[in-house]
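**Student:** Dumping the structure here so I can ask a few things about it.
The values are calculated or read from the model by the stated rules, or taken from the named source; none is laboratory data. This is a predicted model, so every value here is computed, not measured. Reconstructed Cβ throughout: ideal geometry from the backbone, glycine too, with neighbour counts over all protein chains shown.
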Amino acid sequence: MKVRVLGDPVLRKKAVPVTDFASVRAILEEFKMTMYSEDGVGLAAPQVGISQRFFGMDDGSGFKMIVNPEIIEHSDEKEFGEEGCLSVPGVFADVARYKWVRVRYQDEHGSYHEELLEGYPARIFQHEYDHLDGVLFIDHLDSKTRVALSQQLKKIMEERQKEMKK
Ligand code: NI
């Protein structure tokens, strides 16, 4: 699977809920391999061109497929932490995220799960969840940081344009 980068319209689309769990199971191994081969801790379906609401993540406790996720409750407070994204290669910046989130999701078989995530797992979940709504981590940065990164972002988009023409 090819990871889509900044400038690809699929990254900005609101993804639709999963209804066909068999199709998620069918691509699970390839999806997981794509995430690990790119050294990612998370990968959302839109990042490989599938505009559906699921993502994979591994916070250190193994790979999990998260389907039709919801954030049902979250902390008042946010905390900053460094993030990167396979779709915005080479760019890292501090992003504020809720300290904890209570989440509900389905697995690749359609079974429901509810969990309280804190710290790093909560951060990954929020980052990947954003992808399903067409939001990238760079959208959360303050204008000063965005300006500082603008050349880098422009370069990523230009590289993509060149790739497309090949
Ligand atoms: Ni990402």
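**Student:** Could we say that residue 147 is more than 11 Å from the ligand (Cβ to nearest atom) and within 21 Å of residue 67 (Cβ to Cβ) here?
**Tutor:** no
**Student:** Among the residues that make up the range 122-133, is at least one of them more than 15 Å from the ligand (Cβ to nearest atom), part of a loop (DSSP other than H, G, I, E, B), touching a residue at least 60 places away in the same chain (Cβ under 8 Å) and surrounded by fewer than 19 Cβ atoms within 10 Å (Cβ to Cβ)?
**Tutor:** Checked against the condition, which is being more than 15 Å from the ligand (Cβ to nearest atom), part of a loop (DSSP other than H, G, I, E, B), touching a residue at least 60 places away in the same chain (Cβ under 8 Å) and surrounded by fewer than 19 Cβ atoms within 10 Å (Cβ to Cβ), the range 122-133 yields no hits at all.
**Student:** Moving to a separate point now. State yes or no: is residue 78 touching a Ser or Thr at 6+ places or on another chain (Cβ under 8 Å), at pLDDT 95 or above and of a type outside the set (Phe, Trp, Tyr)?
**Tutor:** Considered against the rule, which asks whether it is touching a Ser or Thr at 6+ places or on another chain (Cβ under 8 Å), at pLDDT 95 or above and of a type outside the set (Phe, Trp, Tyr), residue 78 comes out as no.
**Student:** Sort through 72, 50, 66 and tell me the only one that's over 27 Å from residue 149 (Cα atoms) and surrounded by fewer than 14 Cβ atoms within 10 Å (Cβ to Cβ).
**Tutor:** Step by step, each of 72, 50, 66 is checked, and only 72 is over 27 Å from residue 149 (Cα atoms) and surrounded by fewer than 14 Cβ atoms within 10 Å (Cβ to Cβ).
**Student:** For residue 106, all conditions in the list (1) within 13 Å of the ligand (Cβ to nearest atom); (2) surrounded by 20 or more Cβ atoms within 10 Å (Cβ to Cβ); (3) not hydrophobic (A, V, I, L, M, F, W, C) hold save one; what is the number of the exception?
**Tutor:** It fails just one condition, (1).
**Student:** Hey, can you tell me all the residues within the range 66-88 that are within 16 Å of the ligand (Cβ to nearest atom) and over 30 Å from residue 159 (Cα atoms)?
**Tutor:** At the first step, the residues of the range 66-88 found to be within 16 Å of the ligand (Cβ to nearest atom) are 66, 69, 81-88.
Within the range 66-88, 66, 69 qualify.
**Student:** Among all residue pairs at least 6 apart or on different chains, which show Cβ distances below 9 Å where the first residue, located in the range 146-166, is within 17 Å of residue 4 (Cβ to Cβ) and the second is of a type in the set (Lys, Arg)?
**Tutor:** 153/146; 160/4
**Student:** Being at pLDDT below 95 and either surrounded by fewer than 18 Cβ atoms within 10 Å (Cβ to Cβ) or among the small types (Gly, Ala, Ser) (or both): is that true of residue 39 here? Spell out the reasoning first.
**Tutor:** On the way: at pLDDT below 95: yes; either surrounded by fewer than 18 Cβ atoms within 10 Å (Cβ to Cβ) or among the small types (Gly, Ala, Ser) (or both): yes.
Considered against the rule, which asks whether it is at pLDDT below 95 and either surrounded by fewer than 18 Cβ atoms within 10 Å (Cβ to Cβ) or among the small types (Gly, Ala, Ser) (or both), residue 39 comes out as yes.
**Student:** If you go through the range 21-39 one residue at a time, how many are within 16 Å of the ligand (Cβ to nearest atom) and among the hydrophobic types (A, V, I, L, M, F, W, C)?
**Tutor:** Final tally of qualifying residues: 2.
**Student:** Looking at 23, 87, 51 in this structure, which one is modelled with pLDDT of 95 or more, of a type in the set (S, T, N, Q) and out of contact with any helix residue (DSSP H, G or I) (no Cβ under 9 Å at 6 or more places or on another chain)?
**Tutor:** Exactly one residue qualifies, and that residue is 23.
**Student:** Those residues that are in contact with an Asp or Glu (Cβ under 8 Å, 6 or more places away or on another chain), under 16 Å from residue 133 (Cβ atoms) and crowded, with 18+ Cβ neighbours inside 10 Å, I need them from the range 1-36; list them, please.
**Tutor:** Across the range 1-36, the qualifying residue is only 15.
**Student:** Mind checking which pairs have a first residue in the range 40-54 that is within 8 Å of the ligand (Cβ to nearest atom) and a second that is of a type in the set (S, T, N, Q), Cβ under 6 Å, 6 or more apart or different chains?
**Tutor:** 47/87
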